[in-house]
Amino acid sequence: MCELCEKYGDKGRWYLNPKNYARPLYKKVEKGKEKEPMILEELRGPFYYKPLIELKDNPEAFEKMKEGYSKYHETMGGQVVSLDDAKKMVEIAHPIARIDCVCRRATRATLEDGEQRPRSCLGLGVGMFRWEEWPERYKGGVEFLSTEEAKEHIEHWHKRGMVITIMTFGTPYIGGICLCDYPDCLAIRVRLDYGIKPFLLKGHQVAKVNYEECTGCGDCVQRCQFGAIKMEVTTKKSNIDMTRCFGCGVCVYACPQDAISLIDREKLPGLKEEW
Amino acid sequence: MIPQIEIDKNKCATPYECKKCLQICPQAIFAVAPTKVERFKETAPEDYEVQAVFKDKCVLCMDCIKVCPTGAIKIKVGGS
């Protein structure tokens, strides 16, 4: 079973449990204990992994330090979710605001200014009312969205190839729904390239190809952010390695034949412990 | 062997405005971030820094060195 569901799910999927949307995002700072704003820590997120990456030539030390990073991400991490589940989430969360992707800003210095380049990420919860205290973070404002607008926003980006992930700010408090791609996304990257699992868990589903329907067009292959799909040269069918699949569903919407479907991870004994 | 990639902050004054190395890198190994933030105030362009983060992914194509307008990037491999 998904560890987060076990701890915070109340017998369902943890991110569909309304309790996990109810904690204040920013705790009040006690007087005299004012420290560096959390926002700076977040903006400087990628730099945090430098000491670990420096150890890449020394596998033993690398693994040892990795444990510490994994421990940290148990309090600040996320999971891949399907479009259907993301739509259920925005029905629970309130308010919902469209904000800049902090990862894309750091890795490619792109601006999502809200006009030509719509902000791709969604911030959830009361913390959004305080977002404008930090102009640095968004260059021009947050946009509050209705539930329907949020659904459209997620669908728009997902169908263009973005992976939907959720992020916690003090697990299990859910603070955001992100629209991600590799290599911009820090969570996908740190999980795939450095193996820090709690930063981004695999989703509750996995994708499976129906070989009867697949025509071998290859549209799905180029979409996968996780390197799980390839074209089998001899059978001329798309092949998904389900042990690598994160269940994001991007390939499902790329397929013109509707030949790919998402099935529940926990119904497959070989994958149900694979997060 | 992980290359050592140093960026001279004195030469690289406003990395967020320039962003040439960040966008040319095929392996997206750089990251840019402010060095400080203040409530209700935008960070000045001078208060950003760029660092090479995902250095193990560098393939030593040297595109960043070629594109940098101020010659701020230095890459060393091994002891050389």
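Before moving on, here are some points about what is shown:
- The set of residues in the range A:136-157 being closer than 26 Å to A:Glu74 by Cα and either in a strand (DSSP E or B) or open to solvent by less than 10 Å² (accessible area, probe 1.4 Å) (or both) consists of A:Ile154 alone.
- In the condition set (1) within 14 Å of chain B (Cβ to nearest Cβ); (2) surrounded by fewer than 23 Cβ atoms within 10 Å (Cβ to Cβ), A:Tyr173 is compliant with all but (1).
- Count of residues meeting criterion [over 23 Å from A:Asp181 (Cα atoms), within 14 Å of chain B (Cβ to nearest Cβ) and not acidic (Asp, Glu)] in the range A:105-140: 5
- Each residue in the range A:127-174 was checked for being over 30 Å from A:Cys255 (Cβ atoms) and modelled with pLDDT of 95 or more, and 1 pass.
- Residues of the range B:23-44 that turn out to be open to solvent by less than 50 Å² (accessible area, probe 1.4 Å) and within 20 Å of A:Glu41 (Cα to Cα), as a count: 9
- Flag: A:Gly218 matches the condition of being more than 20 Å from A:Thr107 (Cα to Cα), more than 16 Å from the chain's Cα centre (by Cα) and not assigned by TED's automatic domain parsing to the domain that holds A:His153.
- A:Ser238, sole failed condition from (1) assigned to a strand (DSSP E or B); (2) touching a strand residue (DSSP E or B) at 6+ places or on another chain (Cβ under 6 Å); (3) touching a residue at least 40 places away in the same chain (Cβ under 8 Å): (3)
- Test: residue in the range A:199-206 that is out of contact with any His (no Cβ under 8 Å at 6 or more places or on another chain), in a loop (DSSP other than H, G, I, E, B), over 22 Å from A:Met1 (Cα atoms) and open to solvent by less than 20 Å² (accessible area, probe 1.4 Å): no
- All strands (runs of 3 or more DSSP E) inside the range B:2-80 with 3 or more residues being farther than 27 Å from A:Phe62 by Cα and within 9 Å of chain A (Cβ to nearest Cβ): none
- For the range A:40-86, the candidate set comprises residues that are within 14 Å of chain B (Cβ to nearest Cβ) and open to solvent by 80 Å² or more (accessible area, probe 1.4 Å); within that set, the residue that is modelled with the lowest pLDDT is A:Glu41.
- Qualifying residue in the range A:240-247 (condition: under 22 Å from A:Leu179 (Cα atoms), open to solvent by 60 Å² or more (accessible area, probe 1.4 Å), of a type in the set (Lys, Arg) and at pLDDT 95 or above): yes
The values are calculated or read from the model by the stated rules, or taken from the named source; none is laboratory data. Note that this is a predicted model, so its numbers are computed, not measured. Cβ sites come from the backbone with ideal geometry, for glycine too, and all protein chains shown count toward neighbours. All accessible areas refer to the heavy atoms of the entire protein, side chains included, with ligands and DNA or RNA removed. Shrake-Rupley method; radii C 1.70, N 1.55, O 1.52, S 1.80 Å.
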